[in-house]
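Quick notes on the structure that follows.
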Amino acid sequence: MPELPEVETIRRDLDRELGGKRIERVTAGGVRSIRRHRDAAEFAAALVGRTVKSVGRRGKYLRIPLGGSHREDEPDPEATLVIHLGMSGQLLLAAAGDATARHTHVVLGFDGGRELRFVDPRTFGEVFVTDDQTRDLARLGADPLEDLRNWTELAELLHGRTTKLKPWLMDQRFLAGIGNLYSDEILFAARLRYDRPAETLSPAEVRRLFRSMTEILQAAIASRGSSLADEQYRDVFGAIGQYQRQHRVYGREGEACPRCRRAIVRVKTGGRSTFLCVRCQR
DNA sequence: ACGCCCGCCTGTAAGC
DNA sequence: TGCTTACAGGCGGGCG
């Protein structure tokens with residue numbers, strides 16, 4: 001659900017809304033959401049008194065470098081607040097008095113009574129503070145929008161990989177940020193089948209894949225991400241995204257392919273649904 | 001670093 | 001009507 005475009009939408013808004021702000025209060029009711037920490041008190045102690053330097057992103061992870069320890073003589077320049085939304089995580093900006101949604105697990109209180117709330121029904125997401133960014137994020141591969149400059153760099157990554165294209169796109173160690181929804185949209189735009197071994201792509205096909213990846217992700221960010229029927233994805237203001245209107249295959253089983261009018265097919269691979277046009281994608 | 005399954009979770013919807 | 005089942009899919013771990 002939240003993939004690169006949704007996380008990037010959240011990142012941009014949070015950076016604007018919270019950059020430079022000081023964390024004054026922390027409450028963590030959901031133990032599972034802060035499972036990397038010993039307990040809520042230890043988690044809170046790592047955050048209270050610190051400021052949000054900026055809000056960054058790597059793949060689907062939000063990275064928030066923290067400044068200004070309350071012990072000014074003992075700053076911890078490496079401390080970073082890391083947030084992963086998992087399947088159902090939301091980050092919502094609210095006023096202190098606003099009603100609290102069900103499954104609100106972590107609340108960061110800022111000066112002026114504003115709050116950042118982490119809501120996550122299925123608790124696959126997590127929030128943690130680390131001074132060792134490498135251990136948790138170093139395994140992530142290239143960010144498709146930040147780190148890949150041209151199609152030849154994509155060709156290098158694909159070289160010698162026998163993995164099928166879709167699992168390859170979704171493997172965060174190769175590329176970071178693409179999940180089930182956007183891999184289907186990217187592969188349709190590139191006219192490539194999900195099960196093509198990665199190493200078999202011709203240069204022309206790699207170029208198509210690169211262009212499609214860049215264009216789809218940027219268009220999805222421009223539309224503030226995708227909210228599906230459950231409207232689980234919300235931006236920090238609680239609004240849904242709009243990119244679902246432009247989905248061409250995802251969730252459109254039986255509908256006409258936008259290119260050739262043949263019915264979109266749904267197949268099960270690796271336990272998850274893949275949507276494609278068997279005529280257009282080869 | 002292949003391909004696949006499982007476990008972790010809850011909300012929703014389809015099926016009987 | 002109400003119960004059961006399937007599905008949604010991020011990620012880490014484990015197996016052959």
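The values are calculated or read from the model by the stated rules, or taken from the named source; none is laboratory data. Being a predicted model, the structure only gives us computed values, none of them experimental. Glycine gets a Cβ as well: all are built from the backbone with ideal geometry, and neighbour counts include every protein chain shown.
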Meets criteria (within 16 Å of A:Gly225 (Cβ to Cβ), touching a Gly at 6+ places or on another chain (Cβ under 8 Å) and of a type in the set (Ser, Thr, Tyr)) for A:Ser33: no
From the option list A:Gly177, A:Gly238, single residue qualifying as loosely packed, with under 15 Cβ neighbours inside 10 Å and touching a strand residue (DSSP E or B) at 6+ places or on another chain (Cβ under 9 Å) is A:Gly238
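Results for (1) over 26 Å from A:Gln246 (Cα atoms); (2) not assigned by TED's automatic domain parsing to the domain that holds A:Arg35, shown as yes or no for each residue.
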position	(1), (2)
A:Asp120	yes, no
A:Thr130	yes, no
A:Leu165	no, yes
A:Arg173	yes, yes
A:Leu181	no, yes
A:Glu185	no, yes
Just one listed residue, out of A:Ala176, A:Ala198, A:Ala219, is under 15 Å from A:Glu8 (Cα atoms), within 16 Å of DNA strand B (Cβ to nearest atom) and aliphatic (A, V, I, L, M), and it is A:Ala176
Problem set entry | Test result for A:Ala44, outside any strand (DSSP E or B), of a type in the set (A, V, I, L, M) and closer than 19 Å to A:Thr130 by Cα | yes
Picked from the stretch A:7-41 (must be small (Gly, Ala, Ser) and assigned to a helix (DSSP H, G or I)), the residue farthest from DNA strand B (Cβ to nearest atom) is A:Ala41
- Query: Does the stretch A:201-217 contain at least one residue that is outside the structural domain of A:Arg11 (by TED's automatic domain parsing) and in contact with a Ser or Thr (Cβ under 6 Å, 6 or more places away or on another chain)?
  - Reply: no
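Okay, residues lined up against (1) under 30 Å from A:Gly141 (Cβ atoms); (2) exposed (fewer than 15 other Cβ atoms within 10 Å of the Cβ):
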residue	(1), (2)
A:Ala28	no, no
A:Ser33	yes, no
A:Asp39	no, yes
A:Ala46	yes, no
A:Ala79	yes, no
A:Ile83	yes, no
A:Gly89	yes, no
Report yes if A:Arg245 is within 15 Å of DNA strand B (Cβ to nearest atom) and either outside any loop (DSSP other than H, G, I, E, B) or surrounded by 15 or more Cβ atoms within 10 Å (Cβ to Cβ) (or both), otherwise no. no
Restricted to the stretch A:55-95 and to residues being among the charged types (D, E, K, R) and in a loop (DSSP other than H, G, I, E, B), the residue modelled with the highest pLDDT is A:Lys60
